[in-house]
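The values are calculated or read from the model by the stated rules, or taken from the named source; none is laboratory data. None of these values were measured; they are calculated from a predicted model. Here the Cβ positions follow ideal geometry from the backbone for every residue, glycine too, while neighbour counts run over all protein chains shown. The area values use the complete protein model at the heavy-atom level, side chains included, leaving out ligands, DNA and RNA. Shrake-Rupley method; radii C 1.70, N 1.55, O 1.52, S 1.80 Å.
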Amino acid sequence: MSTHALSTPLAEDPPRRKPRRPAAPRLQTLDGLPPGPGRFNRSLHWLAFHGLPPLLGLALFMLGWQLLSLHNTSLPGPATTWAAAVELFADPFYDNGPNDQGIGWNILHSLARVGIGFGLAALVGIPAGFIIGRFAFIGRMAAPIISLLRPVSPLAWLPIGLLVFKAAGPASIWVIFISSIWPMVLNTAAGVAQVPQDYLNVARVLKLPEAKVFTRILFPAVLPHMITGIRLAIGVAWLVIVAAEMLTGGVGLGFWVWDEWNNLNVAHILIAIFVVGIVGLLLEQALVLLARRFEY
Amino acid sequence: MDKFVQLQDVGMAFDTRQGRFVALRNVNLDIREGEFLALIGHSGCGKSTVLNLIAGLLRPSAGVLLCHNREIAGPGPDRGVVFQNHSLLPWLSCYGNVYLAVERVFGAKENRSMLKQRTHDALAMVGLSHASHKRPHEISGGMKQRVGIARALAMQPKVLLLDEPFGALDALTRAHLQDELLRIVAQTRTTTVMVTHDVDEAVLLSDRIVMMTNGPAATVGEILAIGLPRPRERLALASDPAYHAARNVVMDFLYRREIRQAA
């Protein structure tokens, strides 16, 4: 008899807040079956097939880099770069005037520009996406403009920004804005257009008022699409900021790369590449986590 | 009241890219209060269109539909619909899905605890109290359809409209839910219209079966009253000659008179 192992207490009332994850089903032990691999063996197995390959890949990458640096002496190897990075990150927030600031300031300035440009783009792009997706007429009006402007390289907008704002900072924010708005507009609009008719029929049968249709049906249905758009937009924004800052100058990772190129400090350029990569990865992962939160 | 829902000379045409497609013509039908009516016909005969017209999700191209002597001008909570593919909102729990409907219909005149009670009662009626906190993707197809029924019934509609509610379920689950529906309808005495293509289901559940001719331009072909006494018992009916007679009439209509041309 193993019924006692299956019986779980039935909740009479649903909890006020839904449980984040359903409780894991209790493992059933059946007599007569051989025991599975032990906990230690299973984690060893997992490590061999999931933990090992990424480490192996990184090790190969390092090896290739080392060989390349031996071949070409102007390229610093991993050890040299690491030593430079340790020195650099020992004091990330020093400030010796506008052209010589710690790596921490550079990262924060770039992030702030991306944050502002991206935030403004979200503020404009997401509502625009909702309108374009909900009203076919406006969607068709916007279609030629979007398809014309979207393929334009973001940096082509920089002179317009400099012309209008007459300052480098707002101009690079403007470039971030214009490059990150398209994924949000298009994904939100596609999400709205793809809301299944069934859900809208539910709203019609219930005669939900328009505000409730939005909060209870349209918004939750579109949310995953919207977050995809946000994720793509952040990715583009982070790609573009380095290039924009190279052109505009000021404090920021892009300017720093250019500055160190002028100093012929290649180790710092390599560090900058890693920093840009790691920050981009973290941004991406944060949004993946956010997206998982709203999955259904 | 004898004529609860009336369809008078209803016609329905859709404008498609290939031109005008006439789906229904001259549909005349009176549905009595408390009656269980099944609409049966081959696929494409417009039976779902009839249901959507009663629901108000579609407006007729010709003719008039009345519910309670008032013209059906659009969808509304007095006509609860159970959709073919359950149409539960995946971001709400079973409880949340039913509560959305309850809140909309009774929210204006009842307080929160009364609304909660109604939601619990509706879920209990379909035997899903234990799953009320689960999301639709965590429950089986049969359970989803039950939540759909609970949501429709929780609104206390004048008419319950079921669009092939059990079509996507396996035979055992379907039989189980048919029995549940028999019990629930006997209990609530809700006027019910059900679209189906399952002859046994139609005979088992309904008071009258409306047989539709083949489309395009389908209409009511024949109406068969099922005089079988209630409560009905699936196993007892299996050996009931009256059951088989009714079944044969419908079969004869579907497979001799309105035989579907091979597509």
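A few points about this structure:
- Residue match in the range B:229-250 (condition: without any contact (Cβ under 8 Å) to a residue 60 or more places away in the chain, under 26 Å from residue B:63 (Cβ atoms), hydrophobic (A, V, I, L, M, F, W, C) and open to solvent by less than 70 Å² (accessible area, probe 1.4 Å)): no
Rundown of residues vs (1) without any contact (Cβ under 8 Å) to a residue 24 or more places away in the chain; (2) over 27 Å from residue A:207 (Cβ atoms), yes/no style:
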position	(1), (2)
B:148	no, no
B:153	no, no
B:158	no, no
B:163	no, no
B:171	yes, yes
B:176	no, yes
B:201	no, yes
B:212	no, yes
B:215	no, yes
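- Residue that is least open to solvent (accessible area, probe 1.4 Å) [pool: residues in the range B:106-130 that are away from chain A (no Cβ under 14 Å) and over 23 Å from residue A:212 (Cα atoms)]: B:126
- Restricting B:71, B:103 to those that are open to solvent by 40 Å² or more (accessible area, probe 1.4 Å), under 26 Å from residue B:48 (Cβ atoms) and either in contact with a helix residue (DSSP H, G or I) (Cβ under 7 Å, 6 or more places away or on another chain) or of a type in the set (D, E, K, R) (or both) reduces the list to B:71.
- Some residue of the range B:174-191 being within 14 Å of residue B:39 (Cα to Cα) and either of a type in the set (Asp, Glu) or open to solvent by 30 Å² or more (accessible area, probe 1.4 Å) (or both): no
- Residue tally, condition within 15 Å of residue B:4 (Cβ to Cβ), more than 8 Å from chain A (Cβ to nearest Cβ) and buried (at least 22 other Cβ atoms within 10 Å of the Cβ), over the range B:77-88: 0
- Segments classed as helices (runs of 4 or more DSSP H), wholly inside the range A:184-265, with at least 3 members that are within 13 Å of chain B (Cβ to nearest Cβ), of a type outside the set (Ser, Thr, Tyr) and crowded, with 17+ Cβ neighbours inside 10 Å: A:197-206, A:219-248
- Given (1) modelled with pLDDT of 90 or more; (2) away from chain A (no Cβ under 12 Å), index of the condition residue B:154 fails: (2)
- Breaking point among (1) in contact (Cβ under 8 Å) with a residue 24 or more places away in the chain; (2) within 10 Å of chain A (Cβ to nearest Cβ); (3) under 26 Å from residue A:222 (Cβ atoms), for residue B:74: (1)
- Only a single item in (1) more than 14 Å from chain A (Cβ to nearest Cβ); (2) buried (at least 17 other Cβ atoms within 10 Å of the Cβ); (3) of a type outside the set (D, E, K, R); (4) more than 19 Å from residue B:164 (Cα to Cα) is not met by residue B:46, and it is number (4).
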